[in-house]
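S.K.: Sharing a structure below in structure tokens format, with a few things to ask.
The values are calculated or read from the model by the stated rules, or taken from the named source; none is laboratory data. Everything numeric in this text was worked out from a predicted model, so none of it was measured. Cβ sites come from the backbone with ideal geometry, for glycine too, and all protein chains shown count toward neighbours.
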Amino acid sequence: MHFGFIKDVSSKHGRIFAGLDIGSTGVRVVVGEIYAGRKNGSSAAPDAKEANASSGAIVQIIGAGYAPSRGIKKGVVINIEQAVDAIREAVEKAEELTGIDIKTATVGITGSHIGYITSEGIIAVKEKEIGQKDVEMVLEAARAVATPFDREILHVIPTEFIVNGQDGITDPRGMAGVRLEAKVQIITGSAASIQNVLKSCEKAGLEVADIVFQPIASAEAVLKQDEKELGVALIDIGGGTTDIAVFQEGHLSHFSILAVGGSNFTNDVAIGLRLPFQEAEQAKREFGCTMLSMATPREEMEMKYSDARQSRKIPRTHLIEILQPRAEELFGLIRDEITSKGLHKLLNSGVVLAGGAVLMEGMDVMAENILDLPVRTGIPAGVDGERDIIGNPGYAAGIGLVCREANAHIAEHGLNGGGFIHGIKSKIGGLFGGVFKN
Ligand SMILES: Nc1ncnc2c1ncn2[C@@H]1O[C@H](COP(=O)(O)OP(=O)(O)OP(=O)(O)O)[C@@H](O)[C@H]1O
Ligand SMILES: [Mg+2]
């Protein structure tokens, strides 16, 4: 992967980050750069400065590479060689577009193998004041919970600190106390699935800076801090999976992954209209809508066949009659998940939608009707760049991976600190870098 004009990210640019989102339908490599303040003539989102207000930094998305997924099913690598090819293709496209040699990336992971457990840690504080070291030690203690050999820890998220019996503390640093306790949520994944993602990246020539559970990455891009504090559900409807992640009091408090996504809609169209998958996909993207009430009466769509057969005209309502029940079923499943876990009343900031499948007309309205909550489509904040990337909810996870790495870098080195992060960060290192951000 060498082009004459390529800049070497790892040595010359200290502030460029790449995120790799290995989705069920598409592999995306997003490349971003951090800078202070707003660039002239940029098309930053109105609240672009908000997300990184504390550092004054803005993440500029320079470009992205996309390749259709191969060897990946519902977030899990099922064929290494094919997955490697897809990753390589996406990396090369991003390199061609940005002129940057991508050697390292933060990788998102999802799939029904992801689970969580809760744990607690306790330590005696040596100095009079609680410092970063104590926080690291108490989290290390909480982390030392027995996990089965076939599971790996992805994140340790502190939900609460307790100092000398006083609970409800979010950041104990600087406080006086002799006993520090931490309650944490530990997110784990199947060791084999994680290893297969790492292996695929390695074979594609990519060093993995960190592995991040995708909703945590997407949240970094599209959720505002006050939404996370008040209670919000981030629902990413991708091709193969729907990830529901609930944030409360600033951190991820619940998640579930449904094995349903945009591909199910396309399958229904393929069967219902007797079309090959590709043509059904095209019809869905071009004319798809989830609500018959939104369609203009007698509206027709022209179906063109890729094999040059004669095109035919079909009433658009035929397509919507297929898509609507699938959307109702999907949002019904989401509603059941939210209500059965008693989460509905906690979602004071409503629902934020992400993922490529929410681009279909009517998805947001149907979500609002069925979930009985305010709904908005997640557009990254604190991010600047091409509209077709930052305005596309399918890029939320990829952009979030860049933002997460950029924010961790700023927290560690400041805005102008150099050094692209190399290799796999020790999980503990990654954890402490982001301890108060999750
Ligand atoms: N304009 C559109 N209208 C309707 N559906 C769309 C549109 N654009 C993309 N999609 C659908 O979005 C889905 C892909 O979304 P996304 O890229 O977020 O998924 P992914 O990340 O590959 O999958 P997953 O997150 O499930 O692993 C596909 O099912 C695709 O058909
Ligand atoms: Mg996805």
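S.K.: Pairs needed: first member in segment 200-211, touching a residue at least 40 places away in the same chain (Cβ under 8 Å); second member anywhere, assigned to a loop (DSSP other than H, G, I, E, B); C-beta distance under 6 Å; at least 6 residues apart or different chains.
M.R.: As it stands, the answer is 207/103; 207/423; 208/424; 209/421; 210/425, since those pairs meet every condition given.
S.K.: Determine whether residue 211 is crowded, with 21+ Cβ neighbours inside 10 Å and either at pLDDT below 95 or not aromatic (Phe, Trp, Tyr) (or both).
M.R.: yes
S.K.: Hey, another quick one. Can you report the number of residues in segment 91-120 which are more than 16 Å from ligand 2 (Cβ to nearest atom), closer than 30 Å to residue 244 by Cβ and surrounded by fewer than 21 Cβ atoms within 10 Å (Cβ to Cβ)?
M.R.: So the answer is 6.
S.K.: While we're on this one: Look at residue 379 and say whether it is closer than 22 Å to residue 63 by Cα and among the aliphatic types (A, V, I, L, M).
M.R.: yes
S.K.: Please specify each residue of segment 123-150 satisfying the condition of being without any contact (Cβ under 8 Å) to a residue 60 or more places away in the chain and touching a helix residue (DSSP H, G or I) at 6+ places or on another chain (Cβ under 7 Å).
M.R.: 123, 125, 150
S.K.: Out of curiosity, is residue 112 within 30 Å of residue 61 (Cα to Cα) and either of a type in the set (S, T, N, Q) or modelled with pLDDT of 95 or more (or both)?
M.R.: So residue 112 fits the description; yes.
S.K.: Next question, about the same structure. Might you let me know whether segment 330-338 holds any residue that is within 16 Å of ligand 1 (Cβ to nearest atom), at pLDDT below 95 and not basic (Lys, Arg)?
M.R.: No, segment 330-338 has no match at all.
S.K.: Additional query: Report, by residue number, each residue of segment 100-151 that is closer than 30 Å to residue 260 by Cα and within 19 Å of the chain's Cα centre (by Cα).
M.R.: Once the filter is applied, which keeps residues that are closer than 30 Å to residue 260 by Cα and within 19 Å of the chain's Cα centre (by Cα), segment 100-151 yields 105, 106, 107, 108, 109, 110, 111, 112, 113, 114, 115, 116.
S.K.: Just to check your reading of the model, which residue among 407, 369 is in a helix (DSSP H, G or I), surrounded by fewer than 24 Cβ atoms within 10 Å (Cβ to Cβ) and in the same structural domain as residue 235 (by TED's automatic domain parsing)?
M.R.: Residue meeting the stated conditions: 369.
S.K.: Please verify whether residue 218 is over 13 Å from the mean Cα position of the chain (by Cα) and within 16 Å of ligand 2 (Cβ to nearest atom), treating the condition exactly as stated.
M.R.: Considered against the rule, which asks whether it is over 13 Å from the mean Cα position of the chain (by Cα) and within 16 Å of ligand 2 (Cβ to nearest atom), residue 218 comes out as no.
S.K.: Considering only residues that are among the β-branched types (Val, Ile, Thr) and in a helix (DSSP H, G or I), which ones fall in segment 372-404?
M.R.: Those that are among the β-branched types (Val, Ile, Thr) and in a helix (DSSP H, G or I): 389, 390, 399, 402.
S.K.: Shifting gears a bit: Does residue 261 count as within 19 Å of residue 112 (Cβ to Cβ), crowded, with 24+ Cβ neighbours inside 10 Å and out of contact with any Leu (no Cβ under 9 Å at 6 or more places or on another chain)?
M.R.: No, not satisfied.
S.K.: When you look at residue 231, is it at pLDDT below 95, of a type outside the set (Val, Ile, Thr) and in contact with a helix residue (DSSP H, G or I) (Cβ under 9 Å, 6 or more places away or on another chain), yes or no?
M.R.: When the stated conditions are applied, residue 231 does not pass them.
S.K.: Do we have residue 245 as within 12 Å of the chain's Cα centre (by Cα), buried (at least 24 other Cβ atoms within 10 Å of the Cβ) and not assigned by TED's automatic domain parsing to the domain that holds residue 91 here?
M.R.: Spelling it out, residue 245 is indeed within 12 Å of the chain's Cα centre (by Cα), buried (at least 24 other Cβ atoms within 10 Å of the Cβ) and not assigned by TED's automatic domain parsing to the domain that holds residue 91.
S.K.: Determine whether residue 157 is surrounded by 17 or more Cβ atoms within 10 Å (Cβ to Cβ), within 28 Å of residue 378 (Cα to Cα) and within 16 Å of ligand 1 (Cβ to nearest atom).
M.R.: Here the answer is no, as residue 157 does not meet what is asked.
S.K.: Moving on to the next point. Regarding segment 252-262, can at least one residue be identified that is modelled with pLDDT of 95 or more and assigned to a helix (DSSP H, G or I)?
M.R.: yes
S.K.: Suppose we keep only residues that are under 17 Å from residue 95 (Cβ atoms) and in contact with a helix residue (DSSP H, G or I) (Cβ under 9 Å, 6 or more places away or on another chain) within segment 3-15. Which one would you say is modelled with the lowest pLDDT?
M.R.: Only one residue fits best here, namely 3.
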